[in-house]
Every structure is written in structure tokens, then in C-alpha cells.
Amino acid sequence: MPVVTIHQRRFREILGREISIDEMVEYLPWLGLDIEEIGEDFVKIEYNPNRPDFGTPVGIARYYKGIRGEETGLIKYGVKKGRYRVYVDPSVAEVRPYIVAAVVKNLDLDEEKLDEIIEFQEDLHNGIGRKRRKVAIGLHNLDAVKFPVTYKTVNSRFSFIPLEFEEEVTIKEILEYHPKGREYGHILSGKDKYPIIIDKEGTVLSFPPIINGIYTALNPRVRDIFIDITGTDLETISKTLDILVTTLADYGGELYSVEMIYGEKTFETPRLEYREISIGHKEIIDLLGLKLPPEEVIKALEASRFTAFYDREKKSITAVVPPYRVDILHSVDLIEEVAIGYGFWRIQPKMPSLYTVGTASLKEKIRDKIIDLMVGFGFQEAINPVLTNPEEQYVKMGIEPDNYVEVKAPKSMLYRILRTWIIPSLLTNLYRSKSAEYPQYLFEIGPVVKVEGNKIIEKEKMGAVIIGSETGYSEIKSIFDSMMKILEINNYKISETNHSSFIPGRVGKIYIGKFEFGLIGEIHPKVLNNFQLTLPVTAFEIDFDYIFEVVRKRGKF
Amino acid sequence: MTEYNILKKLLKTVASSRRISVKEISKRLKVKEDFVRGIVETLRKEGAVKIERKTWKIIKPGPKLLELKTLPEIKILKYLLKKRKVTLRTLFSESGLSNEDVQAGIGKLVTSRHIKIEKTDGERVIKVNVDSLPRDMLEIEKFIHKLLQDKERKIEDFSDDELEILNRLVSRPKFIEVEEGTTEYVLPTEKTRVLLEEKIVKPVVTRLTPDIILGKKWDDVVFKKYDLNEEFFRIYPGRIHPLRELIREIREIFVSMGFEEAHGPLVEVAFINFDMLFQPQDHPARDMQDTFYLLNPEYGEIEYPKEVIDRVRKTHENGWKTGSIGWGGRWSIEEARRLVLRTHTTSVSITKVYEIGEKPAKIFSIGRVFRNETVDYKHLAEFMQIDGIVINKKANLRELMGIIKEFYSKLGFKDVRFWPSYFPYTEPSIQPSIYVKKWGKWLELGGAGIFRPEVTIPLGVKWPVLAWGLGVERLLMIRYDIDDIRTIYNNNLNWLRNIGLKV
């Protein structure tokens, strides 16, 4: 989740009053912000991706003032009609079809504020912009731009001076060598044309979504800026522009519109659309479980920086949603705003009114009984991850791989397949327990996963291992037999089998009729060696689902 | 004779003598010395007797003395006194002594000048210088006579003169034998008589035998006392895993609160894990960076009626009839068919919402979930989650808070707070935090909320559905002060065997 650092001094400046770190730590969470770090003179917060408008201290203050009752209700952002034009060449449709733009004037920035804005831009790129794939933002020094501006495509031999470079390079070179080209070039992969934003005099503003040109670069002394936003979805880039310009307006900027000319079709941006959403009063108070009269609801919505009206006839509340609140998708979203505006700390938990009878799942009950049985035999229960690696499951066990499930792009090579049997997990546990006293008795009932054909088969198995100088087939077999006596499953037979994880002649498959119930035997010394174990190990692994079915069918009486 | 009787007799014997040796007791009681020693030793620990150890030395005639009954020089001198003049040759043949003894005796007599050997006419003749046996020899004769008569004598019975003779004789091989040793004397104490009179003295037994049990002899014996604080050895019982213990507790709490337990598969189609939960298809959480997608098989079947799939699609694209504007863009069924390792047990909850429909229900599930994380002391790629839902017409936010608060309170966390939060599938969304006293801080343990209409309406449910997903491992970390989350799944017996009991 994105992070914003709020300096105490900066927040004081924005709020226009004294504020302590303690107050910030206490109230910021009530806005839905996570306190990430508390410094001597700053608080670092994490904000949720649905609220990109929280990307600057200014954006947070807008909401903070409302919740604290210092400034409530809707903020009206006005846009003056600008005489700026952007022509959109139809060729961009195939590479990056949409562009919107705006002009913000009379900003009084300094290095700190500019840094806040640049970070905000990055957060927008990564969140709503999906790492620039959906949205790429360019901020330019307005004075360096000669209108009209054109958004068009060029070929890979086209060259200009990008940021961080001193001489002209081609698009191809940027994609191959420029750090941003290497990072974001994949978004344009497979294209033979590339989007370019260029002004009347041929100055390149930007090669979206990769890099801007050098001539229109921002610095803290720039007062007027031109914003371009390109992307794959007009709705998303328009919303992003709304979020960005309303924030810049809160930084003191004046907003001017830009005319976007898509051939025949023209429209002005930013849209700064104020939407109206209605919801029944009863719906709100029912869902919250709070008996708030309409005026309280309206007051709460105003604290959340909306303007709201109550319709006595329809008994509904209508809220006006500011353009930066892109998270409001549904009238239900207003309900949370009521709760936050009302003050989350004031909402008292209550026990539910619905009476029901509780039941644990039968499978868990039977599992618990079998676990207790094994514990009674002196075994320690283990719980291992299902995620593991083929080395443990097959290579160290000296067998051919089973039909296992593998995941894509695992971050750790240790966790990249799902186990198909449990004994290897337990041998790894024994390896980790080498400094513990012997003998050791370990078991696990847990899931294993296989692929059969194109189907995923999830099963539960029980594995048990014994390590110690005295253990042998007779011990593990005795435990197994004794357990089966208690389970009253008597019709099993063990037939000798070849299994290279075990000592030949000391391993058998356990059959119940024709059903292959499990495996029992003494682990092969070569396998022990692979797990760096120096004492004999005996083991069995059986089908827990089968036991579950047998016990379940038997019933209680 | 029973052990008890022996003990009584022994005590009587000891009490009636000033001191008595173990050997003597053994003789009188007609039991083996070792047995006596065992009882005596136990009595001594009780303070019922005292033991004194005395060393002793006994003098016995050696084999040579038993054979000759005297010293060879005395025998020779006596013979010579009778004959007066004897040649050496005659002495050798007639004295009745071995050549060796004759030589030794002659040597001694010559040195003491009692005799002299002269050469006359080529013969060696012995000349005796005394008329009778000298006094010292008479003394020796007397000493030998007494020793042979007594057969053995204690060293302390010898007079100083006798000791001097003894010293001389000891140096001559095979004439004298000296035996040394220790005698254990048993002495009565004040307690001896007390015990005897009070009749509380009973045989001490170490091991309880069937004889004692069957013969009902438990009142006739005293069980040997042990050092009760002695540490013998550790025994490692079979135990359930601490995580299982916690899961059992959690299950018990939810069952006691009226919840029914549910299960679901670990591998799901993205449709269930994400799309039904209104997670936009381009949501960062659906990225391969965070979610485990399957390499083989890559796609699965969406086992839902076509109309449900269609409603979900429309809801994503434009909100369908849910009152939402949706996420916009195009919804891809291909994407929804991708198989994932479930990233939350909310997959189980949402399946239950569909199965149950608009009927009052309270469901919970506990199970493994997966995230494509770099595993370190704080993060796991696979861990447990508790999920729950309440489907009810009147369900509300305060009740959701109430359930979670009650759950944590039953686990022992009385301070629970709820902050606003965000999840794509709930509205309102809350983040429960518990106050951990021993850490002195608030801890977030999951998320909760009310399923959005975009989630429930496509499944035919208009009622509010309260939902939550809470962590398990962190609770265990608090309970056992675990600072590395990986410890939980390492199954190292050094850890598992030494975990203390907590409830």
C-alpha cells in the first residue's frame, strides 16, 4: 500500500493551527489510514488504494478537517476556460488510445511541495494507473509549451532528448537503454508505432508512458504547469486528472481547461463532474445499526466532505460527490462515509440478534479424534506447509516425480509445488530436530494435492515417522495394527512392493480390498543420508479421507 | 523368618549389648552378613543404630612353624646339648631337619656364638659354647608354644616383650601369618529401644512386590524413602501442535457463538477467489506478484450456472442491476478461469453465500491460504485464516463489531477497536485491532466488513452479509512470544517438546 509522510510542521501549515503528533496518531486512523511509523516530528501513514486522493498531506488534510469539524461540506473546484488545444491523431488508437489534459496556474511551489506532488504522481501511476499501463501522467512547465499540442505516433527511429539524458536518442534506444525504457517498455511491446506528445514547434513533451522530454521539465520555480494523462481507458484517465487537479487546486493552483480534439469529436478536460447519489435513510441506519435521524446523517456526510439533502417524501438522502472521490461506486459507499463522518470511535459493538445452533464440521471432529489417538501412541503432531519443492518430495526421496501441481513465478524456490505425500515433510522436520533427544515420533494429518488428467485432486493423508536406534518394521507395524484395531478396520493386507524410498523387502502397500490405502516400511539409508539423518526411520502414510468415511458411516450409535 | 522378625530380633540383639559386630549378629540371627549389613545401614540412616568401624590384626603361626613347632636353631641347639660333640655331617643326617633349615639354624647359632665349627682330622666338628638353652630362646619357645596353643592371637593381646619377639619372627618367611581387617560394630542409640518398644520398626522395602500386595503386608513394611527432588530423566509425551490447539480453541468459540463450520478447496478458480468478490481483474492483488497462479493445469472450470457467471461479468463491467457503476472495462472469462491457490478463506464464505442464499445463517471456516510472499521472519507464503459470515436481514455494522469483539474477548483480548478500512468486496470495511498487553501495543489481525451489493446481488442475496477474515499465526506468536513466524511450521522438536501449557 502507498505511503505518505506527514511532517508536523507541514500539517500545521496546511491546517492553519497547532497540531501535536499525538493528535495525528489518534485521529488519522479514524479516517481509515494506517499508522506506519511515528517519528519525532512526522507520522508516516499508509493509505488504501481506493483513495488515491490521500496521496498528499494536502489531500489528507481535506478529509481531516472535515472529521475534526474544522471545515465541512463539499469543496467546489472551478475551472476557467483555457485557450489550449490538444489534437489527437487517430493513429494513437492502436497504441495508447486516450489522452486528457489540464493547465494549472499560479502555483507557489517549493522543493518540498514539488516533491510531494512528484510522489503523488508516482502513487497514481502505481495504483489507479496499474504501473503506468492504464494511466501515465506528464507534468510540464507551461511556459515551455507552444500550443497547440499534438498526440500522435512515430516510428522507433524518431529521436529527442529525454529526461536524464543530454543528447538526442531514438525511441528504440530509449526502450533499450534508458532506465525508464527498460522498466516500462514492456507496455508498448509488440507495437511498431510509438505515442508522442509534441508541441507546435516540434518540442517533445513526452513519450508516454515511458519518459518526458527535457525541455518542458518542472522545477520548484515553475508556477504554471501543463498536465497530460494518457492511457487505455478514457474513464480512468479522466478520473485521475480530476484527482490530480483538485489536489493541485488545494496547493493553491488555478485550474484551466484544455480542449481535446479527437478528429470530429471534441471535449474539454478536466471534467470535474460532481455526481449526485441517493440512498434511503432507513437503508443507512439499518446497515449501520445506528438510529441516526436524517439531520445527523447529513451532518456526518458533511464531515466526510460531501453536501447532502434529505427528501422528506422519499425519505432518502442525496449526496453530492466531489470529483476526487473515485471510490464511490454505489450508494452503499455513502454508508461508510456516514460512519466515518459520525466518528467510528462512537460506534458501539453489539451482539447479533440472530440465534443459531453452532456445529463443528464432522471432518474436524474425526480429525481431532485421530490426532488424539496418535498422541496417545506417543506421537508429536506436526503441521507443515502444503507448498514445498520437488527436491524434498522426489529427489531426496529417490523417486520419480508424481503428478504434482506447480505454481507460476514463485518468490521462493522452496515453495513452488504442492506436496503429493507427507513423509518427505516429516523427514525434513526430523532433519531440523537433529539436536533433540531420540527417539522421536512425529505425525501429520494434512492435505496433499495431485493432478489427474486435467483435474485437481485434493486429499487428506496421514503420515507418521519414527526415528531412533531401536526402531524397525515391527515397531511401526505394531503401531499401525494397534491403531487399525481401534478404528475397527480389520480387512487390510500388506503386500510387498518396490519403492525406492524404502529398504527392499521391508516396504509394503496396504490394501483394503482393491483399494490402495497406504504405504508402510523402513526408509532407505540413501534417503536418510539425503536428509542428513543418521538413525533408522520407519514410516507409514495412509488415506485419511478413507478413515473419515468409515468412521462417518459408522455413526454415533 | 520374615524380614520383619529379623529386624525385630536384630534390634533386640543390638539393644542388649554395648556393641556387637555384624559378624556376631549374623551368627546369632543365622542370616547372611550382607543382609544384616543392609538392614543396619537403613537403621543407621534413621538414627536407630550407630556403626563403629574397628580395624584389627590377627597373628597366626605360619606353615613352617606349624611343621617345626619351633625355630630350627633352637631345635639344633637342643640336639647339640644332648650330644656334646657332633660332626657337621652327622648333624645334617640326624637332626631331622631339612638341609635348608640346618643351614639356616647353624648360621644363626654361629652368628650368636653359641657354637663354633672346628676342623679336626679333616672333619668339621661342632663345638657348643653354652651349657643350656639361653634365656631368649626359652622366651621364644614360650611364645611359640602359646601361639600354637591359641592358634591365633590378636595384636592387642601381646605384651611388649612378646611384640619384640613377634617383630623378629615376622621377618622370617613362613613362620608367622598376619591377617588384617575391619570389623563393623553396631551400637545401640537412644532411638533403638524407642523403636523396639513402640513397635514401629518395620522392614524397609525398595520395590513393592506382588508378595507384599497379595500377602497384605503393606502395614508390616516401611517403604524406602527417596530423594523426592532428584531429577531423573525427561519424558516426551505425544502432543498436539500448538497451532492445532489454538485452532481448536477458535473453533470452540465460534461453535459456542452459534456458527457452523465449513470447508473449501485450496485450489480455486479466480472466479471464486476474486471475481465473485468484485475484485477488479486488473487489481494489483490479483497480480502474479502476490497470488500463486497454477502453472499446470492453468485453467479450471467455473462450476456455476451460466447466468451467475453472466451477472458477475455485468456487475464488473457496468454494475448490472446492483446499483453500482462497476469497474468499467471488459471482464474476461479467461482470466476468471485461471486456477489459483486461494488467497483467503473468503472463497469458502462466498461459496456458502451462494449455496445458502437468502436464509439466516452463521458460518465460519478455518484453513490454509497462500500468498506469493518472500518468506522471512514476518511473512509466510502459506498460513491459516479464520473466515466467517452472518447472513441475516437485520445484520448490521454494530453486530459485526460485536461478533469480532466477543471472539477476541473469549480469546482473552478485552480491548478491541475498529478502524475504517478498505476491501474491494465489503462496504463498510473495518479493521479490527486488539490491544496486546504484554507488548503494550495495538495489533491489526485482519479485516471485516459487509459484503457489497455487487458481491451478493449477483448470487441472489439482497440481505446484508457480515464477513471477516482474521489471522491465526500472530495470535500464536503473542501466546508463546514467538519472534520468527517460520518457527510455527518448522516442527522442530526442541521447540514443540518444550512449549508450555496455556489456555
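Quick check, is residue B:466 out of contact with any Ser or Thr (no Cβ under 8 Å at 6 or more places or on another chain), within 14 Å of chain A (Cβ to nearest Cβ) and not in a strand (DSSP E or B)? Taking the combined requirement at face value, the residue does not satisfy it.
Considering A:247, A:240, A:216, the condition of being in contact with a helix residue (DSSP H, G or I) (Cβ under 8 Å, 6 or more places away or on another chain) and within 14 Å of chain B (Cβ to nearest Cβ) is satisfied by A:240 alone. Taking the stated definitions as given, is residue B:207 within 11 Å of chain A (Cβ to nearest Cβ), without any contact (Cβ under 8 Å) to a residue 40 or more places away in the chain and surrounded by fewer than 17 Cβ atoms within 10 Å (Cβ to Cβ)? It is false that residue B:207 is within 11 Å of chain A (Cβ to nearest Cβ), without any contact (Cβ under 8 Å) to a residue 40 or more places away in the chain and surrounded by fewer than 17 Cβ atoms within 10 Å (Cβ to Cβ).
This table checks each residue for (1) charged (D, E, K, R); (2) assigned by TED's automatic domain parsing to the domain that holds residue A:462; (3) touching an Asp or Glu at 6+ places or on another chain (Cβ under 8 Å); (4) under 27 Å from residue A:429 (Cβ atoms).
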{"site": "A:482", "(1), (2), (3), (4)": "no, yes, no, yes"}
{"site": "A:490", "(1), (2), (3), (4)": "no, yes, no, no"}
{"site": "A:522", "(1), (2), (3), (4)": "yes, yes, no, yes"}
{"site": "A:527", "(1), (2), (3), (4)": "no, yes, no, yes"}
{"site": "A:544", "(1), (2), (3), (4)": "no, yes, yes, yes"}
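Is it the case that segment A:533-542 has a residue that's surrounded by fewer than 16 Cβ atoms within 10 Å (Cβ to Cβ) and part of a helix (DSSP H, G or I)? Looking through segment A:533-542, none of the residues is surrounded by fewer than 16 Cβ atoms within 10 Å (Cβ to Cβ) and part of a helix (DSSP H, G or I).
Residues in segment B:263-276 that are open to solvent by less than 20 Å² (accessible area, probe 1.4 Å) and either over 30 Å from residue A:455 (Cβ atoms) or within 7 Å of chain A (Cβ to nearest Cβ) (or both): B:266, B:267.
On the given criteria, is residue A:516 at pLDDT 95 or above, open to solvent by 50 Å² or more (accessible area, probe 1.4 Å), in contact with a Lys or Arg (Cβ under 7 Å, 6 or more places away or on another chain) and of a type in the set (Asp, Glu)? Considered against the rule, which asks whether it is at pLDDT 95 or above, open to solvent by 50 Å² or more (accessible area, probe 1.4 Å), in contact with a Lys or Arg (Cβ under 7 Å, 6 or more places away or on another chain) and of a type in the set (Asp, Glu), residue A:516 comes out as yes.
Residues are listed down the side, and each one gets a yes or a no for (1) at pLDDT 95 or above; (2) within 23 Å of residue A:322 (Cβ to Cβ); (3) under 30 Å from the mean Cα position of the chain (by Cα):
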site	(1), (2), (3)
A:1	no, yes, yes
A:8	yes, no, yes
A:26	no, no, yes
A:32	no, yes, yes
A:59	yes, yes, yes
A:62	yes, yes, yes
A:66	yes, yes, yes
A:85	yes, no, no
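One residue stands out among those in segment A:331-381 that are in contact (Cβ under 8 Å) with a residue 24 or more places away in the chain and aromatic (Phe, Trp, Tyr): the one that is nearest to residue A:538 (Cα to Cα), which is A:379.
Out of the residues in segment B:432-461 meeting the condition of being more than 10 Å from every other protein chain (Cβ to nearest Cβ) and among the hydroxyl-bearing types (Ser, Thr, Tyr), tell me which one is surrounded by the fewest Cβ atoms within 10 Å (Cβ to Cβ). So, considering only residues that are more than 10 Å from every other protein chain (Cβ to nearest Cβ) and among the hydroxyl-bearing types (Ser, Thr, Tyr), the one surrounded by the fewest Cβ atoms within 10 Å (Cβ to Cβ) is B:435. Screening residue A:328 with (1) facing another protein chain (nearest Cβ under 7 Å); (2) more than 20 Å from residue B:467 (Cβ to Cβ); (3) touching a strand residue (DSSP E or B) at 6+ places or on another chain (Cβ under 9 Å) gives one miss only, at (1). Among the residues examined, residue B:368 does not qualify as modelled with pLDDT of 95 or more, in the same structural domain as residue B:262 (by TED's automatic domain parsing), of a type in the set (Lys, Arg) and touching a Gly at 6+ places or on another chain (Cβ under 8 Å). Answer with yes or no whether residue A:510 is part of a loop (DSSP other than H, G, I, E, B), in the same structural domain as residue A:401 (by TED's automatic domain parsing) and open to solvent by less than 10 Å² (accessible area, probe 1.4 Å). In short, no. Selection of helices (runs of 4 or more DSSP H) fully inside segment B:240-338 by the criterion of at least 1 residues being in contact with a strand residue (DSSP E or B) (Cβ under 9 Å, 6 or more places away or on another chain), without any contact (Cβ under 8 Å) to a residue 12 or more places away in the chain and under 19 Å from residue B:348 (Cβ atoms) returns B:242-256. I'd like to know if segment A:99-114 contains one or more residues that are part of a helix (DSSP H, G or I), more than 14 Å from chain B (Cβ to nearest Cβ) and of a type outside the set (Asp, Glu). Yes, that holds for at least one residue. For segment B:341-357, the count of residues that are facing another protein chain (nearest Cβ under 7 Å) and of a type outside the set (D, E, K, R) is at least one.
If you go through segment A:456-485 and pick out every residue that is surrounded by fewer than 21 Cβ atoms within 10 Å (Cβ to Cβ) and either in a loop (DSSP other than H, G, I, E, B) or within 8 Å of another protein chain (Cβ to nearest Cβ) (or both), you end up with 6.
Go over the candidates B:230, B:180, B:190 one by one and state the one that is in contact (Cβ under 8 Å) with a residue 40 or more places away in the chain and loosely packed, with under 10 Cβ neighbours inside 10 Å.
It is B:180.
Here is a yes/no grid of residues against (1) charged (D, E, K, R); (2) closer than 18 Å to residue A:206 by Cα:
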{"position": "A:105", "(1), (2)": "yes, no"}
{"position": "A:123", "(1), (2)": "yes, no"}
{"position": "A:133", "(1), (2)": "yes, yes"}
{"position": "A:142", "(1), (2)": "no, yes"}
{"position": "A:147", "(1), (2)": "no, yes"}
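Only residues that are under 15 Å from residue B:445 (Cβ atoms) and open to solvent by 20 Å² or more (accessible area, probe 1.4 Å) were counted in segment B:386-415, giving 9.
Evaluated against (1) under 25 Å from residue B:388 (Cβ atoms); (2) outside any helix (DSSP H, G or I), residue B:476 falls short on exactly one condition, (2). Considering B:212, B:235, B:155, the condition of being open to solvent by less than 40 Å² (accessible area, probe 1.4 Å) and on the phi < 0 side of the Ramachandran plot is satisfied by B:212 alone.
When every residue of segment A:391-405 is checked against the conditions, none turns out to be assigned to a loop (DSSP other than H, G, I, E, B), facing another protein chain (nearest Cβ under 8 Å) and surrounded by fewer than 18 Cβ atoms within 10 Å (Cβ to Cβ). If the condition is being more than 20 Å from residue B:486 (Cα to Cα), open to solvent by 10 Å² or more (accessible area, probe 1.4 Å) and either in contact (Cβ under 8 Å) with a residue 60 or more places away in the chain or more than 8 Å from chain B (Cβ to nearest Cβ) (or both), then segment A:409-453 contributes A:421, A:438, A:439, A:441, A:450, A:452, A:453. Taken as a whole, segment A:235-246 holds no residue that is more than 30 Å from residue A:317 (Cα to Cα) and either among the hydrophobic types (A, V, I, L, M, F, W, C) or at pLDDT 95 or above (or both).
Scanning segment B:326-341 for residues that are open to solvent by less than 10 Å² (accessible area, probe 1.4 Å) and in contact with a Gly (Cβ under 9 Å, 6 or more places away or on another chain) returns a single hit, B:326.
The values are calculated or read from the model by the stated rules, or taken from the named source; none is laboratory data. Quantities reported herein were computed from a predicted structural model and do not represent experimental measurements. In this analysis, Cβ positions are derived from the backbone assuming ideal geometry, glycine residues included, and neighbour counts consider all displayed protein chains. Remember, those area values only see protein heavy atoms, side chains included, never the ligands or the DNA or RNA. Shrake-Rupley method; radii C 1.70, N 1.55, O 1.52, S 1.80 Å.
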